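Enquirer: Below you will find the structure I want to go over with you.
No lab work stands behind these numbers, since they all come straight from the coordinates. Note that the coordinates shown come from a computational prediction; the quantities given were computed from them, not determined experimentally. Neighbour counts are summed over all protein chains in view; Cβ atoms, including those assigned to glycine, are modelled from backbone coordinates with ideal geometry.
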Amino acid sequence: MPGHSVRLLCMLGLLGVLAGGGPALAAEPYDPWPGLVQDIFNNRPMQDGAGVIAIEMPVRAEDAAIVPVTLRSKLAPDDNRRVRAITLVIDQNPAPMAAKFELGPDANVSEISTRVRVNNYTDVHAVAELSDGQLYMVKTYVKASGGCSAPAAKTADDAKSRLGQMRYRQFARPSENGAREAQIMIGHPNNSGLQMDQVTQLYIPAFFVNELRLWQDDSPVLAVEGGISLSEDPNIRFTYVSNGARNFRAEARDTSGQIYRNEWKIDQGM
Amino acid sequence: MALRLCSLVALAVICALTGVRAQAQAIDVREVAPGVFVHTGLTAPMTEANAGATANIGFVIGEAAVAVIDTGGSVREGRQLLAAIRARTGKPIRYVINTHGHPDHVFGNAAFVAEGTVFVGHRNLPRMFSARGQFYLDAFRRTMGRELMDEVRIISPTLLVDDTLTLDLGARTLTLRAWSAAHTDNDLSVFDETTGTLFAGDLVFVTHTPVLDGSLRGWLRAIEELGRLPAQRVIPGHGAVSDWPAALADQRRYLEKLSADIRAMIARGTPISAAAASAAASERSKWKLFEDYNARNATAAFSEIEWE
């Protein structure tokens with residue numbers, strides 16, 4: 001039950017805050033990664049992922065609430081292994097597991113970009129699971145933003161008013177092998193549940209998109225298990241190979257159980 | 001013996017520091033109009049060395065009472081502002097107005113907590129504090145250090161402004177206005193009717209690169225409305241006290257350029273990661289702290305405009 005693991009980690013993060021810690025400040029160098037390997041990956045061995053995937057993020061999180069991240073497959077075209085899933089972990093965030101992307105077996109997804117919240121100076125790990133059953137890890141380091149930037153909504157009212165809106169966009173791109181680039185945006189506040197209401201002294205309940213599935217016709221392209229480290233209005237931009245499908249379909253589910261669905265005609269000319 | 005001497009010296013130093021704390025030095029303020037006093041903040045990031053004193057803060061003295069407009073970036077700065085007030089008047093401080101919730105404007109609040117003093121803010125300010133307060137308290141330890149941050153408290157307003165509100169200081173009226181999302185979603189302006197002085201908070205930046213933490217489109221709309229206010233002068237959130245409405249021109253140009261560049265990038269399909277490097281690049285030489293804030297503004301603007 002992949003959905004449970006995200007929820008569990010979110011709960012653990014919440015408990016950490018309730019226990020009085022708050023998001024740990026890197027006062028002393030404490031490396032949470034070994035513990036995360038245990039919690040998220042069941043202590044499975046990690047191979048060096050340098051030849052398998054790349055992770056790109058800015059050195060500094062300019063806006064703590066919106067930090068772009070790109071994951072890219074580096075497997076050679078003649079490599080007979082394929083990427084089954086990529087897990088993105090932001091070590092020092094209150095809920096470190098940002099997202100797990102499961103790549104459709106026939107969609108040949110080669111690049112995924114999204115946006116995350118970054119609370120602190122932190123390692124960010126990307127772990128790819130290949131069809132050989134092994135895990136391959138790469139990491140990068142991001143400095144927290146300075147100043148008044150915060151990993152929270154800028155205009156809480158706008159975030160609510162867009163709730164459930166979905167947008168699909170295709171990008172023109174010269175494709176050698178039928179590769180297309182597309183983007184899905186979902187209007188959702190993706191509330192962390194880590195914010196305390198000052199009047200009631202209770203935590204505002206978490207409310208975020210925890211599942212997103214994308215298909216070209218009936219063939220899965222991506223399935224995303226999301227956590228609260230994904231930015232408000234989750235946005236996924238990706239490159240995949242068309243199977244000639246006419247329609248692109250998306251289904252999202254949030255922590256309140258609400259389901260959002262939409263479908264678009266694929267512009268075959270692009 | 002040497003050890004004992006050391007501890008005596010240490011004790012003396014501690015006593016001296018405590019003395020300073022109890023009787024803060026008055027911060028440097030200037031009377032920009034009769035009864036209107038301003039401390040001009042440094043155009044710099046908040047640090048331990050500058051005690052967070054980067055925003056413009058001030059106060060207005062009426063016949064009966066005083067209103068404080070923003071309290072600075074540390075309790076130390078707040079106490080220094082309090083000392084500057086007490087050097088000029090013994091009248092009670094009836095209102096402490098926060099123009100918005102950013103740390104450089106509100107971290108001094110704790111210096112003003114007293115019976116009879118009411119904290120005033122935009123209706124959205126408590127929500128902003130509950131979403132970000134703890135994060136700010138944690139994050140600013142990195143740059144401001146433990147000593148300054150240990151005494152900072154998030155003090156939420158109890159008098160909230162929905163639309164407009166007038167405060168009577170005795171033969172002197174301040175008109176407060178709550179704005180729709182612009183610089184932040186909790187911007188409040190304060191207009192002193194007597195002298196035509198507008199405390200704009202961070203709705204107006206002069207010289208200091210504007211910082212977008214609300215809505216770019218909303219801010220441009222607010223600038224149009226702000227320009228119609230019948231003020232003689234503006235005290236911007238950052239930068240020099242300036243003539244009105246001329247002070248708006250540079251900021252409007254920057255935000256329009258940012259908006260046009262980002263809109264063109266989105267139309268071309270440029271990814272958000274590439275926007276930060278090039279949006280509004282032509283403005284670089286015209287502002288201070290451009291490298292600190294422009295990329296962040298571009299990122300925020302992108303995520304707003306792509307929903308148009």
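Enquirer: Give, rounded to the nearest 20 debye, the magnitude of the charge dipole that region B:24-246 has about its Cα centre when Lys and Arg contribute +1 at Cβ and Asp and Glu contribute -1 at Cβ.
Expert: On the way: 20 positive and 24 negative charges, 37 e Å.
It works out to roughly 180 debye.
Enquirer: Taking every DSSP beta bridge that has both residues in region B:24-246, what percent is antiparallel when rounded to the nearest 5? The partial results should precede the final answer.
Expert: On the way: 26 of 42 bridges.
Antiparallel: roughly 60 percent of the beta bridges in region B:24-246.
Enquirer: Kirkwood hydrodynamic radius, computed over distinct alpha-carbon pairs, for region B:247-308: how many Å, to one decimal?
Expert: Working: mean 1/r = 0.0860 Å⁻¹.
It works out to 11.6 Å.
Enquirer: Still on this structure, I have one more. Give the residue from B:S278, B:W179, B:Q25 lying farthest towards the positive end of the charge dipole for chain B; charges sit on Cβ (+1 for Lys and Arg, -1 for Asp and Glu) and the dipole is referred to the Cα centre.
Expert: Towards the positive end, the residue furthest out is B:Q25.
Enquirer: Provide the per-residue ³J(HN,Hα) series for region A:83-91, in order, calculated from phi with Karplus coefficients 6.51, -1.76, 1.60 and θ = phi - 60°, each as a whole number of Hz, with x at glycine and proline positions.
Expert: Those phi angles translate into 7, 7, 7, 10, 10, 10, 10, 9, 3 Hz.
Enquirer: Angle check, please: helix B:125-144 long axis (alpha carbons) against the longest principal axis of chain B (alpha carbons), in degrees 0 to 90, nearest 10.
Expert: Its long axis makes an angle of about 70 degrees.
Enquirer: Let me ask another. Short version: ³J(HN,Hα) in whole Hz for each residue of region A:147-155, in order, from phi by Karplus 6.51 cos²θ - 1.76 cosθ + 1.60 (θ = phi - 60°), x for Gly and Pro, what are they?
Expert: Karplus values, whole Hz, x for Gly and Pro: x, 8, 5, 9, x, 9, 4, 8, 10.
Enquirer: Another question about this same structure. Which whole-number percent of Cα pairs in region B:153-308 have a distance greater than 21 Å? Display every interim value, and only then the final one.
Expert: On the way: 5747 of 12090 pairs.
That fraction is 48 percent.
Enquirer: Going toward the positive end of the dipole of the protein assembly as shown, with +1 on Lys and Arg Cβ and -1 on Asp and Glu Cβ, which of B:G201, A:L130, B:P34 do you reach last?
Expert: Towards the positive end, the residue furthest out is B:P34.
Enquirer: Run through all the Cα pairs of region B:24-246 and give the fraction in each 5 Å bin from 0, expressed as whole percent.
Expert: Spelled out per bin, shortest first, that is 1, 7, 16, 21, 23, 17, 10, 4, 0.
Enquirer: Remind me, what semi-axes does region A:26-265 give for its equivalent ellipsoid, largest first in whole Å, using sqrt of 5 times each Cα gyration tensor eigenvalue?
Expert: Values: eigenvalues 159, 114, 47 Å².
After diagonalising the Cα gyration tensor, the semi-axes are 28, 24, 15 Å.
Enquirer: Using the Cα centre as the reference, give the magnitude of the dipole from point charges on the C-beta atoms of region A:26-265 (Lys, Arg: +1; Asp, Glu: -1; all else neutral), rounded to the nearest 20 debye. Before the final figure, lay out each step's value.
Expert: On the way: 26 positive and 30 negative charges, 123 e Å.
Here the size comes out at about 600 debye.
Enquirer: Starting from the amide H of B:V204, placed 1.01 Å from N in the peptide plane, find each other amide H under 5 Å away whose residue is 5 or more places distant or on another chain.
Expert: Here the answer is B:G237, since their amide H atoms fall under 5 Å of that of B:V204.
Enquirer: Kirkwood Rh, region B:120-239, all Cα pairs: how many Å?
Expert: On the way: mean 1/r = 0.0639 Å⁻¹.
It works out to 15.7 Å.
Enquirer: Now for a separate question. About the Cα centre of the protein assembly as shown, what is the dipole size in debye to 20, counting +1 per Lys and Arg Cβ and -1 per Asp and Glu Cβ, all else neutral? Show your work: numbers first, answer last.
Expert: On the way: 58 positive and 64 negative charges, 77 e Å.
Rounded to the nearest 20 debye, it is 380 debye.
Enquirer: What is the angle, in °, between the Cα long axis of helix B:216-226 and the longest principal axis of the Cα atoms in chain B? Nearest 10 is fine, range 0 to 90.
Expert: Relative to chain B, helix B:216-226 is tipped by roughly 70 degrees.
Enquirer: In addition: For helix B:2-22, report the angle its Cα long axis makes with the longest principal axis of the Cα atoms of chain B; keep it between 0 and 90° and round to the nearest 10°.
Expert: Once rounded, the angle reads 60 degrees.
Enquirer: Another question, if that's okay. Students often get this wrong, so check it: of A:K143/B:K288; A:K160/A:K265; A:K139/A:K160, which have C-alpha atoms separated by over 30 Å? Each step should come with its number before you reach the end.
Expert: Working: A:K143/B:K288 22 Å; A:K160/A:K265 27 Å; A:K139/A:K160 34 Å.
Beyond 30 Å between Cα atoms: A:K139/A:K160.
Enquirer: What residues qualify as long-range amide H neighbours of A:Q47, i.e. H under 5 Å apart, gap of 5 or more or another chain, H built at 1.01 Å from N?
Expert: Residues meeting the criterion, in which the H sits 1.01 Å from N, are A:L135, A:Y136, A:M137.
Enquirer: Let me check I've understood the local charge: for B:R94, count other residues with C-beta under 13 angstrom from its C-beta, Lys and Arg +1, Asp and Glu -1. What total comes out? Numbers along the way, then the final one.
Expert: Details: positive: B:K91, B:R172; negative: B:E63, B:E115, B:D168.
Every neighbour counted, the sum reads -1.
Enquirer: Check which residues have an amide H placed less than 5 Å from B:R153's amide H, if you skip close sequence neighbours.
Expert: Placed amide hydrogens put B:A110 under 5 Å from B:R153.
Enquirer: At a temperature of 10 °C and a viscosity of 1.306 mPa s, determine how fast the protein assembly as shown diffuses translationally according to Stokes-Einstein, using the Kirkwood radius over alpha-carbon pairs as Rh; express D in µm²/s, rounded to the nearest whole number.
Expert: On the way: Rh = 25.4 Å.
Rounded to a whole number, D works out at 63 µm²/s.
Enquirer: Per DSSP H run of at least 4 residues, take -39500 (n - 2.57); add these up for chain B, divide by its residues and hand me the 222 nm value, nearest 500 deg cm²/dmol. Please report the intermediate quantities before stating the final value.
Expert: Numbers: 9 runs with 116 residues, N = 308.
That calculation yields -12000 deg cm²/dmol at 222 nm.
Enquirer: Fully extended, how many nm does the chain gain between A:A179 and A:I259 (0.36 nm per residue separation, minus their Cα-Cα distance)? Walk me through the numbers before you get to the answer.
Expert: On the way: separation 80, 0.36 × 80 = 28.80 nm, distance 2.92 nm.
Here the segment from A:A179 to A:I259 would lengthen by 25.9 nm.
Enquirer: Now a separate question. Using each residue's phi in region B:72-81, evaluate 6.51 cos²θ - 1.76 cosθ + 1.60 at θ = phi - 60° and report the 3J(HN,Hα) Karplus result to the nearest Hz, with x for Gly and Pro.
Expert: Coupling constants for region B:72-81: x, x, 7, 5, 4, 5, x, 5, 5, 5 Hz.
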